[in-house]
Amino acid sequence: MTLDEFRRTPDPAALTEPLRALWHDMSGDWEEAHRIAQDVEDESGAWVHAYLHRKEGDLSNAAYWYRRARRAVASDSLDEEWRSIVTALLNT
C-alpha cells in the first residue's frame, strides 16, 4: 500500500493497530487514535503514541514515548512526522 492509498482508505479495519491510530488521527479523531496507540505494546505503538502527545502539545510525555520507541524526539513538522511514520509502517 502506498501513502496515497492509505490516505484514501475508507475503512481502517484491515490496517495494523499503529496504522489504524494514524488513520484516525488523519481523520480528525485524536482521542480514538490515542486509545488505539496506547494499547500497542511495541516500538511502533510507542512511536505513534509519541507523535500523538507531541501533536497534543504534551512534550514531556512525548519525550517519554520517543524513548520507548527508541527514536529521537522529532523536530520536523507534525505533517512531515506523520508521513514518515506512515511510510515506515507501510514498509514493514
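At-a-glance table
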quantity	calculated
Mean Cβ neighbour count within 10 Å, used as a protection proxy, ranking 74-82, 22-30, 2-10 highest first	22-30, 74-82, 2-10
Only Lys, Arg (+1) and Asp, Glu (-1) charged, at Cβ; the chain dipole about Cα centre in debye	280 debye
Net charge contributed by nearby residues that have their C-beta within less than 14 Å of residue 65 (K/R +1, D/E -1)	-1
Distant alpha-carbon pairs in the chain (separation over 24 angstrom), percent	10 percent
The chain: calculated mean residue ellipticity at 222 nm from DSSP helix runs of at least 4, using -39500 (n - 2.57)	-20000 deg cm²/dmol
Relative contact order (percent, whole number), the chain, Cα cutoff 8 Å, 6+ residue spacing	26 percent
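Read the figures in this text as sums done on the coordinates, not as results from a lab. All of these numbers come straight from a predicted model, not from anything done at the bench. So basically every Cβ, Gly included, is an ideal-geometry build from the backbone, and we count neighbours across all protein chains shown.
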